[in-house]
Amino acid sequence: MRELLAPLMRDADVRLYLRIEVKGGGAVDPADLVYPIIFSPDFDRGPYQDAEPKRPSTVAELSSELFLVDVPPTRLVPFLQMLLTTDFAYLESRGSLSQQEAESIARKVVDLVGADARWWSNVEYPKWAWEYGDFSGDFGANPLTGHTYDCAMVGVGDSVAVAFLVYSDD
């Protein structure tokens with residue numbers, strides 16, 4: 001997993017809107033993967049970090065902001081592809097990955113995390129969005145950072161766990 005995602009984790013342009021954390025899987029709390037991203041010394045938590053509602057500041061608070069995403073693993077591929085290539089504020093293309101490269105990476109991530117993995121996010125989309133892979137509509141979210149928009153997606157499998165955090169401002 002680290003080898004697959006290493007180019008993204010090092011790319012300075014990508015790090016302006018996407019952060020990734022990888023750990024061993026098993027009994028991992030999804031918030032334990034998001035916390036080091038948000039509280040990394042090199043992460044700008046955003047212009048609204050002191051806004052209401054109050055942003056989480058502990059692993060326990062982060063845990064309470066993440067929802068279980070109960071969809072088949074194949075339904076996660078279009079969502080991860082979107083996270084890798086889309087500006088959340090404007091729903092426009094962002095970054096250097098093509099749609100095909102992002103889809104390939106997303107598919108490999110889902111396969112590596114495993115079919116029995118569990119996934120969490122701080123955003124909730126309606127069931128139809130997951131069915132059709134269309135995430136352009138309304139969604140509910142629990143803000144994790146002080147950015148206008150942020151989205152965490154965390155997958156925990158038996159042998160690997162991965163967290164993506166996408167963020168942007170309008």
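The values are calculated or read from the model by the stated rules, or taken from the named source; none is laboratory data. Computed from a prediction, not measured in an experiment: that's the story for all the values here. With ideal geometry, Cβ positions are generated from the backbone for all residues, glycine too; neighbour counts draw on all protein chains shown. SASA here: full protein model, heavy atoms, side chains in, ligands and nucleic acids out. Shrake-Rupley method; radii C 1.70, N 1.55, O 1.52, S 1.80 Å.
When you filter the trypsin sites (Lys or Arg not before Pro) in the range 1-71 for DSSP loop state and at most 11 other Cβ atoms inside 10 Å of their Cβ, you are left with LYS54.
Note on the range 61-100: Cα-only Rg and Dmax are 12.8, 36 Å. With the alpha-carbon atoms of the range 13-69 aligned to their principal axes, the span from lowest to highest coordinate is 35, 29, 22 Å, starting with the largest. Here the simple spin-label model places points 7 Å from the Cα toward Cβ, and for MET9 and ASP169 these points are separated by 2.7 nm.
Please work out, to two decimal places, the log10 of the ratio I(q)/I(0) at q = 0.12, 0.25, 0.27 Å⁻¹ from a Debye calculation in which every Cα of the range 109-170 carries one identical scatterer. Reported log10 I(q)/I(0), two decimals: -0.35, -1.11, -1.14.
Here is the result for the range 1-69: no chymotrypsin sites (Phe, Trp or Tyr not before Pro) lie in DSSP coil with at most 12 other C-beta atoms within 10 angstrom of their C-beta. FRET efficiency for the PHE39 to SER93 pair, using the beta carbon distance and R₀ = 45 Å, is estimated at 0.95. Accessible surface for GLU92 stands near 110 Å², nearest 10, in the context of the full protein assembly shown (1.4 Å probe).
Counting Lys and Arg as +1 and Asp and Glu as -1 over every other residue whose Cβ lies under 14 Å from the Cβ of LEU5, the net charge comes to +2.
Sticking with the crude label model, points 7 Å out along Cα→Cβ, report the distance from ALA115 to TYR48 in nm, one decimal please. According to this spin-label approximation, the distance is 4.1 nm.
The residues of the range 48-103 expose, per residue, 56 Å² of accessible area to a 1.4 Å probe.
A cut-off of 5 Å between modelled amide H atoms, ignoring neighbours fewer than 5 places along the same chain, links THR86 with ARG94. The loop-placed chymotrypsin sites (Phe, Trp or Tyr not before Pro) in the range 80-170, going by DSSP, that have at most 11 neighbouring Cβ atoms within 10 Å of their Cβ come out as TYR90. Across the range 1-101 the C-alpha pair distances fall into 10 Å bins from zero in the proportions 12, 39, 41, 8 percent.
Subtracting the Cα-Cα distance of GLU131 and ASP158 from their residue separation scaled by 0.36 nm leaves 7.2 nm. For the range 116-170, the carbon plus sulfur part of the accessible surface works out to 44%, probe radius 1.4 Å.
Give the Kirkwood hydrodynamic radius (Å, one decimal) of the chain, defined as one over the mean of 1/r across all pairs of different Cα atoms. After inverting the mean inverse Cα-Cα distance, the result is 15.9 Å.
Accessible surface of the range 1-78, 1.4 Å probe: 52 percent of it comes from carbon and sulfur atoms.
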